[in-house]
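A short worksheet on the structure shown next.
The values are calculated or read from the model by the stated rules, or taken from the named source; none is laboratory data. All values derive from a computational prediction rather than experimental measurement. All Cβ positions, even for glycine, are placed from backbone atoms using ideal geometry, and neighbour counts span all protein chains on display. Calculation scope for accessible area: heavy atoms of the full protein, side chains included, ligands and nucleic acids excluded. Shrake-Rupley method; radii C 1.70, N 1.55, O 1.52, S 1.80 Å.
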Amino acid sequence: MDNRPIGVFDSGVGGLTAVRRLHEILPHEDIIYFGDTGRVPYGTRSAETILKYTRQDVHFLQAFDIKAIVVACNTVSATALDTVAAETDVPMIGVVSPACDAARKATVTGRIGVIGTQATVRSGVYERMLTAADPNLSVFMQACPLLVPLAENGRVHRGDIVAETLVREYLAPIKAQGVDTLILACTHYPLLREVIAAEMGAHVRLIDSGAAAAECVRDILTPCETRQGRTRYFVSDDPAGFNVLAPGFLHSALDFPAKRVEFGAF
């Protein structure tokens, strides 16, 4: 048995979609979550800045003697994961590879759409990974830079004219390609799932990259004792706002209110 906690980090509240799935499939595990809400979004930053932030995030989580880190951020997974993973002995699980595996299993036509931040799309990692596994796949990428701040502000439901307008505009090029599978290549995007699903139609399978990563964690970890796990939350800014938004994304109450962490602490 290994009772050490699992670390999870993201640029903001989006990584809670991965935590929610971890709660469902690994209810006995303790989790330490860090949301870098003071510097969200990561997707518009340079590769050098993303690498710097990632190292700081990982350093903070390592102070809790964690047994694994879930990188619940597609931007980090696409641009910094390999570098930082080589610098630490703690296993690091990103979201890109699990999401690609899930999409390849889901597609029937071989036409896969990917929506993500500018940094994720610019990296080309999804297209490379998918076509390396199956050269017959057709992959269509679309950056959606305004969806992260939309999710961070709770504007995620059908009937919200701003959410529906942005989703419609961003998804138009993907819909035009006739995809049957769409990877939500940002862990914030499942918060907009009902808006995205309504726009794409029932025939398109949505792949939640955070949930896919959580399921990958289950396959590699040494389990802890059978007990009720607890999750502690830390943010770099506005814990009160996080505490208001988080229960809706987790579909449950917080075990503990989020605490603010000063950048100088890590």
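Against the conditions (1) buried (at least 24 other Cβ atoms within 10 Å of the Cβ); (2) part of a loop (DSSP other than H, G, I, E, B), where does Val90 fall short? Just the number, please.
Here Val90 meets the rest and fails (1).
Taking the condition modelled with pLDDT of 95 or more, open to solvent by 20 Å² or more (accessible area, probe 1.4 Å) and outside any helix (DSSP H, G or I), does Thr131 pass? Spell out how you get there, then give the answer.
Numbers: modelled with pLDDT of 95 or more: yes; open to solvent by 20 Å² or more (accessible area, probe 1.4 Å): yes; outside any helix (DSSP H, G or I): no.
Against the criterion (modelled with pLDDT of 95 or more, open to solvent by 20 Å² or more (accessible area, probe 1.4 Å) and outside any helix (DSSP H, G or I)), Thr131 does not qualify.
For segment 135-145, what are the residues that are in contact (Cβ under 8 Å) with a residue 24 or more places away in the chain and either under 19 Å from the mean Cα position of the chain (by Cα) or open to solvent by 50 Å² or more (accessible area, probe 1.4 Å) (or both)?
Answer for segment 135-145, where residues must be in contact (Cβ under 8 Å) with a residue 24 or more places away in the chain and either under 19 Å from the mean Cα position of the chain (by Cα) or open to solvent by 50 Å² or more (accessible area, probe 1.4 Å) (or both): Asn136, Met141, Gln142, Ala143, Cys144, Pro145.
Sort through Glu29, Glu24 and tell me the only one that's among the acidic types (Asp, Glu) and either buried (at least 24 other Cβ atoms within 10 Å of the Cβ) or at pLDDT below 95 (or both).
The match here is Glu29.
Which residues, taken from segment 174-200, are of a type in the set (Gly, Ala, Ser) and out of contact with any Lys or Arg (no Cβ under 8 Å at 6 or more places or on another chain)? So that I can check it myself, show each step before the final result.
Let us first name the residues in segment 174-200 that are of a type in the set (Gly, Ala, Ser), namely 176, 178, 185, 197-198.
Of everything in segment 174-200, those that are of a type in the set (Gly, Ala, Ser) and out of contact with any Lys or Arg (no Cβ under 8 Å at 6 or more places or on another chain) turn out to be Ala176, Ala185, Ala197.
How many residues are assigned to a helix (DSSP H, G or I), open to solvent by 10 Å² or more (accessible area, probe 1.4 Å) and not hydroxyl-bearing (Ser, Thr, Tyr) when one looks only at segment 103-128?
9
Across segment 146-174, what is the total count of residues that are touching a residue at least 40 places away in the same chain (Cβ under 8 Å), under 22 Å from Thr109 (Cβ atoms) and out of contact with any helix residue (DSSP H, G or I) (no Cβ under 6 Å at 6 or more places or on another chain)?
Count: 2.
Any chance you could count how many residues in segment 210-254 are free of Cβ contacts under 8 Å to residues at least 40 places away in the same chain and within 16 Å of Ala18 (Cα to Cα)?
4
Can you pull out the residues in segment 76-105 that are within 21 Å of Thr181 (Cβ to Cβ) and within 17 Å of the chain's Cα centre (by Cα)?
Within segment 76-105, Ser77, Ala78, Gly94, Val95, Val96, Ser97, Pro98, Ala99, Cys100, Asp101, Ala102, Ala103 meet the criteria.
Any idea which of (1) closer than 27 Å to Ala133 by Cα; (2) modelled with pLDDT under 95 is the one Val40 doesn't satisfy?
For Val40, the exception is condition (1).
Of the residues Arg128, Arg111, which single one is over 17 Å from Tyr42 (Cβ atoms) and out of contact with any strand residue (DSSP E or B) (no Cβ under 8 Å at 6 or more places or on another chain)? Spell out the reasoning first.
Details: Arg111 fails: out of contact with any strand residue (DSSP E or B) (no Cβ under 8 Å at 6 or more places or on another chain).
After applying the criteria, what remains is Arg128.
Using the structure shown, decide if Gly15 is closer than 21 Å to Gly229 by Cα, of a type outside the set (Lys, Arg), out of contact with any His (no Cβ under 8 Å at 6 or more places or on another chain) and at pLDDT below 95.
yes
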